[in-house]
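Worksheet for the structure shown next.
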Amino acid sequence: MWTFFHKLGSPPWLYAISGSILKYLLPATLLALGVGMVWGLLFTPPDFRQGDSYRIIYIHVPAAAVALAGYYVMATAGAISLIWKMKMADIAMQCCAPIGAALTFVALVTGSIWGKPTWGTWWVWDARITSMLILLFLYLGVIALYEAYDNKAAAARACAVLSLVGTVNIPIIYKSVDWWYSLHQPASIKFTGESSIHPSMLYPLLLMIAAFYALFACALLLRMRAEILDRERRTGWVRKLLEADAV
Amino acid sequence: MLSAQQLALSRGGRELFGGLSFDICPGQLVQIEGANGAGKTSLLRILAGLSRYGFEGRVERHAPLLYLGHQPAVKAMLTPRENLAWHVAGEADFGAAAIDAALARVGLYGYEDVPSHALSAGQHRRVSLARLYLSNSPLWLLDEPFTAIDVDGVAALEERKAAHVAAGGAVVFTSHQPMRGNYNVRRLCLRRGLL
Amino acid sequence: MLSAQQLALSRGGRELFGGLSFDICPGQLVQIEGANGAGKTSLLRILAGLSRYGFEGRVERHAPLLYLGHQPAVKAMLTPRENLAWHVAGEADFGAAAIDAALARVGLYGYEDVPSHALSAGQHRRVSLARLYLSNSPLWLLDEPFTAIDVDGVAALEERKAAHVAAGGAVVFTSHQPMRGNYNVRRLCLRRGLL
Amino acid sequence: MYFHDLHSALHMDGHGAFVWAAYAITCVVLLLIVVAPLRRRRRLLREMSAEARRQRGVPTQGSEA
Amino acid sequence: MSAPSLPAFCLRLVRRQLVLAVRRPVEILNPLLFFAMVVALFPLGLGPDPKSLASFAAGTLWIIALLSNLLTSDTIFRGDYDDGSLEQLLLAPQPLYFSVLAYLGAHWLLTGVSLALISPLFALMLNLPLEALPALVASLLLGSGVMSLVGGVGAALTVGLKRGGMLISLLILPLYMPVLIFGSAAVRAAAQGFPAGPQLAILGAMFCLAIALAPLATAAGLRISIDA
Amino acid sequence: MSAPSLPAFCLRLVRRQLVLAVRRPVEILNPLLFFAMVVALFPLGLGPDPKSLASFAAGTLWIIALLSNLLTSDTIFRGDYDDGSLEQLLLAPQPLYFSVLAYLGAHWLLTGVSLALISPLFALMLNLPLEALPALVASLLLGSGVMSLVGGVGAALTVGLKRGGMLISLLILPLYMPVLIFGSAAVRAAAQGFPAGPQLAILGAMFCLAIALAPLATAAGLRISIDA
Ligand code: HEM
Ligand SMILES: Nc1ncnc2c1ncn2[C@@H]1O[C@H](COP(=O)(O)OP(=O)(O)OP(=O)(O)O)[C@@H](O)[C@H]1O
Ligand SMILES: Nc1ncnc2c1ncn2[C@@H]1O[C@H](COP(=O)(O)OP(=O)(O)OP(=O)(O)O)[C@@H](O)[C@H]1O
Ligand SMILES: [Mg+2]
Ligand SMILES: [Mg+2]
């Protein structure tokens, strides 16, 4: 266990292993995404109430779910980097933020595009939507904080502190927003998907959720590889790698 | 009192110093020299424990320290007296009489109750230098303490440092001018990463 | 180039100087001396026309001037190059080549594109001193130009001032150190309001 | 395939614009988060090999001078 | 002369901060004036109909309190960073947790407490029902405490940044939102004749949590950003 | 090498200010983010009901625009004062009127114009009717220009004060009020289907007046406060 942990902390090992993982994972992910999208767009029956607009669910729900999970990945990496001072955790944390923000953005945009045909409005202040917006702010905060520091070692620590503070707060934010919304007259709009969903619609959805998770992993590894290269550009193993590349 | 081992620092792609090891012992008066941008301030901040990321090597401090940086840590809205009485460095509570005596020593007699923003550049710095007459930390780290100080002030400061060292303290300071008085100074010269 | 008549100033109830009259002519190198708080900065700001209220007497300027104060007027977020190219003093647009040459003269070769907040204290000041190599104002008013500058830098600056004076300019500066080189300096000593 | 022809697939009973726009935006963003790090890595590698070449070049220049 | 005891040191810090604020009277008055002015802006911007004003008074007052806290929290450590005092504080032998708590406490006294005490006046100007006043004051007291503590974290993380700008508002605003929700809900409940106890209890719990954790994060943030 | 022509000098100043802002990306994004976040606060504080939100959207958006202008105007000259650049500007041979105009223009571009351009997005989030969008953008463009100009006067008068603090908000807020009234009235009129022309015309007149007078006052204020 500990040796594995040590290996995880070693840049050359992570660089090499992520390279060989990505070789298979990335094409598989892209394939799954393609299949899922085509399946969802063209090969499923329309919803009996929403018609064809419900097809957005195949990108909306996965994006929202992975965006949420991404914050916890980021905070966990942040905690590890603070406690064990592990360089790779730092890098992982800092690489999570832009991906998470992008997925949150996708969830918001697709949700609000979906809202227009179903609710007749681009935006409502629904509990879940509001907390998604707050999540976007949390992500943007981490990104902006990292960019603002010159000393990147210090930047990573600062972001770790911030993401931990955010983690303590996320349940509070979710609970409070939920509670806030139920206090008011709900705006007579409800998510529809909560009722049982037909298997012919469910399978592509599950596929897309899996694909989005895989995509998150791919993007994270890709980003980390680039970042590792940048930070370790003066070390021996990168030089060797370059020579091997050149030959 | 302080030992540094294998300190190495690069900033902005330039190596400032590397493999720097030394000990500071009681009774030593150490002047860090070097051209502008040689890394004196960076080194001092590492020694003080203010910089904690982005350098290599280890620093061990075995004594309470007094650090005065480029910024004098003097609040413009407080008078010199208040600045010293409420200083945030967590040292002893200085008595009112001790504070007035220290202010007199740095030539601020009569300015004790003037708001610090109405002081001249040199007087402003002198407020912070008054802590040299109040502190009982044995180890002093001073970054260009003579900035903006006039000739008499520099002489008085040199004397104070010598007295502190004679009493078993240690002083590490940076300055572009050699000390005028005839003191026993150990020099650390930062030049292209070498000592 | 500049004439001051019967200047008198009190601050905080203390008379700093009174009845001060003098002329600055082309070819003069004038050092204003005085202890901390003697009123050097206040005098220089009056001469530059920055202080316009609260003093007595008259100042007449007959030539464009270059003023460098305690604050270096260097933007931390701009590079040295940009700081000079976009300086707000309204002087000539300096060419890119001239700027690079001036930066090299003040020892910032290789630092042209580093954001200024990543410069050391002395390098930061040197950016503002580079204007001495660019400006074509005949009258210079410099407030402690040597602050934070290392030994070589001071020597180079003294040379530059001497050259400017030799070319028919005039320099008024304050400093606590006498000039090292052997120059013909006129000294104005502010001591309890007298010259 | 659920739709009979291309037109009905594009039109989707009037919701086509929304659905296709949502998918298009999503694809663009997803592509970006995959391609951006790839490009950065390529750029870094190029930079570093240029640097290495320069360093290898320096001694020969020095001996010529 | 030995180092002062911890409570003595903290008291000294609080006193220093209060005196510094008193020396710039505008600084203390500012949150209050801001409050007053924005209260005046609302009728101008939204239209002066008393009934609709009253129905929004609770939320409006809380939003303003939040904004005035948000806008002052950047200053908690800024001055001390600029003049070098912060370095001195970090080098002090006393545990940073408590010094930071003293700073945040002083900030709370200057913004939150003074605002809470004066808020009934503004509440009456916006036609808030009288029975909601105790809930308003209590919720503002507790809530502004939480906001000062959380704001301190943001201030600490950004104080050393050359390129930060007002980054702090982005960092802490999401964290303020739960406070806003429960605070305004407490006042609204009281205004409609319901007990405000539950909401106030939640605010109290947040306050306790924040007191325990926020100074830790703030202290860590200061140590980091002095090195930015 | 002779002194640059006036337009060249002003352009140089505008460019410098813009680059300075771009170097702190948070600084530019900040008014926008602030806008976004406060837009999010309003439903949280006042309740999410789309209908009542829509009825307050015009006023709310205008109040937020005003606040974000108010909060940034203090920074127009602050940085230059602190690092000595302001002294250099005052000693420049070019007339101060125009240099000041360049500073204020840059501030307007960075806050007002960018805010006006992005405001339709937020307007939709608050359910403002679509037909009111042109009036919203136009009124924000003109109104924020007036506010930048007036804010400059306040900034100039307080920049040198050791005990000034945020006095500026007190000084200029009353001057902002007419802008707020006509601006939000224009949007409200458009939302209800009336023409917004008259209000926009008044805003335009204010803008012209402010361009003529405000830089004068700002220049005088700077000369005074450099000597404070
Ligand atoms: C900007 C607008 C929207 C945002 C930010 C948003 C956000 C979210 C979030 C955060 C989830 C939870 C994902 C999870 O936890 O697994 C979700 C799920 C879902 N959303 Fe949206 N949504 C928006 C608009 C819509 C619209 C307009 C519809 C359809 C009418 C919709 C339908 C759904 C469905 C069916 C689910 C999955 C069912 C469930 O997990 O409860 N959303 N959305
Ligand atoms: N704003 C002010 N209000 C009142 N008194 C002031 C103010 N500014 C400066 N003084 C006083 O004026 C005197 C002269 O200040 P000045 O800055 O001119 O001195 P200086 O000769 O430049 O000193 P230094 O060598 O320290 O720079 C000082 O005694 C100072 O206390
Ligand atoms: N934040 C930073 N980022 C990158 N480089 C920096 C940073 N701060 C300083 N440097 C660089 O580190 C070098 C050393 O700076 P330092 O302040 O230690 O010099 P110094 O010896 O104290 O000089 P001076 O005599 O001018 O005070 C300088 O070349 C500077 O450019
Ligand atoms: Mg230094
Ligand atoms: Mg002076």
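Rule-based calculations on the coordinates, nothing more; no lab input. These numbers were taken from a predicted model, which means no experiment stands behind them. Cβ placement follows ideal geometry from the backbone for every residue including glycine, while neighbour counts extend to all protein chains displayed.
What the table shows:
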item	result
Dipole magnitude (debye, nearest 20) for the protein assembly as shown, charges at Cβ of Lys, Arg, Asp, Glu	1580
Restricting region B:121-195 to trypsin sites (Lys or Arg not before Pro) in coil, as DSSP defines it, with at most 12 other Cβ within 10 Å	B:Arg180, B:Arg192
Residues with amide H under 5 Å from that of B:Leu2, placed H, sequence gap 5 or more	B:Ile24, B:His62
Separation of alpha-carbon centers, region A:71-93 and region C:33-72, rounded to whole Å	55
Hz values of 3J(HN,Hα) by residue in region C:3-11 - Karplus curve (6.51, -1.76, 1.60), Gly and Pro given as x	9, 10, 10, 6, 5, 9, 8, 10, 10
Residue of chain B nearest the B-to-C rotation axis [by Cβ], rounded angstrom distance	B:Thr147, 3
Label spacing, shortest first and in nm, from B:Asn136 to its equivalents in the remaining copies (7 angstrom along Cα→Cβ)	6.5
At 7 Å out from Cα toward Cβ: E:Asp82 inter-copy label distances (nm, ascending)	0.4
Diffusion constant of chain E at 10 °C, which comes from Stokes-Einstein with the Kirkwood Cα-pair radius and 1.306 mPa s, µm²/s	87
Table column - 3J(HN,Hα) (Hz), region B:115-128, Karplus curve with 6.51, -1.76, 1.60, x for Gly and Pro	x, 5, 6, 9, 9, 6, 3, x, 5, 4, 5, 5, 4, 6
Mean Cα-pair separation over length for region E:88-208, i.e. relative contact order, pairs under 8 Å, 6 or more apart, %	28
Gaussian network model of chain C, Cα within-10 Å springs - most flexible of C:Leu141, C:Leu78, C:Leu29	C:Leu78
Separation of the C:Arg58 and B:Tyr53 label points, Cα + 7 Å toward Cβ, nm	6.1
Options B:Val114, B:Tyr183, B:Ala102, ranked by Cα towards positive dipole end of region B:102-195, top entry (Cβ charges)	B:Tyr183
On Cα atoms only, tilt of E:50-73 relative to the major axis of chain E in degrees	10
Footprinting exposure proxy for F:Leu161, E:Leu170, B:Leu190 (fewest neighbouring C-beta atoms within 10 Å first)	F:Leu161, B:Leu190, E:Leu170
DSSP beta bridge pairing in the protein assembly as shown, given as percent antiparallel to the nearest 5	45
Dipole of the protein assembly as shown [Lys/Arg +1, Asp/Glu -1 at C-beta], most positive-end residue of E:Ala8, E:Phe122, D:Ala52	D:Ala52
GNM top mover of C:Val106, C:Val88, C:Val30 - chain C, alpha-carbon springs below 10 Å	C:Val88
Tail beyond 18 Å, pair distance distribution of region A:57-106 (Cα, percent)	34
Relative contact order %, chain A, counting alpha carbon pairs below 8 Å whose residues are six or more apart	30
Relative compactness, chain A, computed as alpha-carbon Rg over 2.2 N^0.38 Å	1.15
Helix A:199-231 axis, angle to chain A major axis (alpha carbon atoms, nearest 10°)	30
Per-residue [θ]222 nm for chain A (sum of -39500 (n - 2.57) over DSSP H runs n ≥ 4, rounded to 500)	-28500 deg cm²/dmol
Among F:Ala57, F:Leu136, F:Met177 the positive-end extreme of the charge dipole of region F:21-227 (Cβ point charges)	F:Ala57
Per-selection metrics, region C:76-136 (Cα): Rg and Dmax in Å	10.2, 29
Residues listed by number, region C:50-66, amide nitrogen under 15 Å from C:Asp23 label point at 7 Å toward C-beta	C:59-63
Calculated FRET efficiency for the pair D:Arg54/E:Phe98, C-beta based, R₀ 45 Å, to 0.05	0.25
Chain E, helix-only ellipticity at 222 nm - DSSP H runs n ≥ 4, -39,500 (n - 2.57), divided by all residues, nearest 500	-27500 deg cm²/dmol
In degrees, nearest ten, helix A:152-183 long axis to first principal axis of chain A (Cα)	10
Candidates F:Leu44, F:Leu96, F:Leu67, ranked by Gaussian network fluctuation over chain F, Cα under 10 Å, top entry	F:Leu44
Other-copy label distances relative to B:Asp113, 7 angstrom Cα-Cβ extension, nm	5.8
Placed amide H near B:Ser10: partners under 5 Å, 5+ positions off or other chain	B:Leu16
Using a Förster distance of 25 Å, the FRET efficiency for E:Ala205-E:Ile118 (Cβ separation, nearest 0.05)	0.45
Semi-axis lengths (Å, descending) of the ellipsoid that matches the C-alpha gyration tensor of the protein assembly as shown	52, 37, 31
Three principal axis lengths of region C:71-195 [C-alpha, angstrom, descending]	45, 28, 26
